[in-house]
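Written out below as structure tokens is the structure these notes cover.
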Amino acid sequence: MSKEIPLATVQKHNKPNDLWLIIDNKVYDVTKFLHEHPGGEETLIDVAGRDGTKAFNDVGHSSEAREILKKFYIGDLAAADIQKKRPVSESTPTDSSPEAVVATKQCCILH
Ligand code: HEM
């Protein structure tokens with residue numbers, strides 16, 4: 001039952017009380033997890049509404065963290081947006097796509 005979610009939709013959910021993020025082209029609604037995250041709320045808010053793959057991988061999260069992630073899975077990033085964007089891979093050096101910059105600007109609560 002995987003649903004395709006456009007990037008534009010993900011980007012709307014960029015607030016602490018409505019927080020989606022993308023990891024490995026999958027979309028997660030982690031609103032309820034925000035307060036429980038051992039790595040703090042800010043880390044998740046920083047990538048709210050955008051791609052957190054690199055941030056997630058850089059930390060070297062445990063397999064337990066990946067298990068937790070599954071609970072918040074809501075769908076797949078729309079195929080068109082995967083191509084339009086960039087290859088979302090561990091080797092992506094920086095997250096500076098125009099979409100990401102816009103999302104960051106909108107999410108300025110802690111900046
Ligand atoms: C929504 C997806 C995420 C889940 C389910 C998650 C889960 C967890 C869990 C369970 C831990 C405890 C250590 C471990 O088991 O690896 C942890 C630690 C941590 N997380 Fe996340 N995390 C997520 C996203 C992120 C993102 C996007 C960042 C951005 C940098 C981040 C930064 C951290 C940091 C810095 C720690 C280390 C905290 C410490 O040991 O002091 N996490 N996370």
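The values are calculated or read from the model by the stated rules, or taken from the named source; none is laboratory data. Computed from a predicted model, the values in this text were never measured in an experiment. Methodologically, a virtual Cβ is constructed for each residue, glycine included, from the backbone with ideal geometry; neighbour enumeration extends over all protein chains shown. For accessibility, only protein heavy atoms count, side chains too; no ligands or nucleic acids. Shrake-Rupley method; radii C 1.70, N 1.55, O 1.52, S 1.80 Å.
Brief remarks on what is shown
- Close amide H contacts of Arg50 (hydrogens built in the peptide plane, cut-off under 5 Å, sequence separation of 5 or more or a different chain): Ile22.
- In this rough spin-label picture, where each label sits 7 Å from Cα along the Cβ direction, the Phe33-Ser62 distance is 1.5 nm.
- Amide H contacts for Leu19 (H built 1.01 Å from N in the peptide plane; partners 5 or more residues away or on another chain; cut-off under 5 Å): Val30, Thr31.
- Ile82 - accessible surface, heavy atoms, 1.4 Å probe, Å² rounded to 10: 50 Å²
- Straightening the chain between Ser2 and Ala80 buys 26.5 nm, computed as 0.36 nm per residue apart minus the Cα-Cα spacing.
- For the range 64-74, the Karplus equation 6.51 cos²θ - 1.76 cosθ + 1.60, evaluated at θ = phi - 60°, returns couplings of 5, 4, 5, 5, 4, 3, 4, 5, 9, 5, 10 Hz by residue, with Gly and Pro reported as x.
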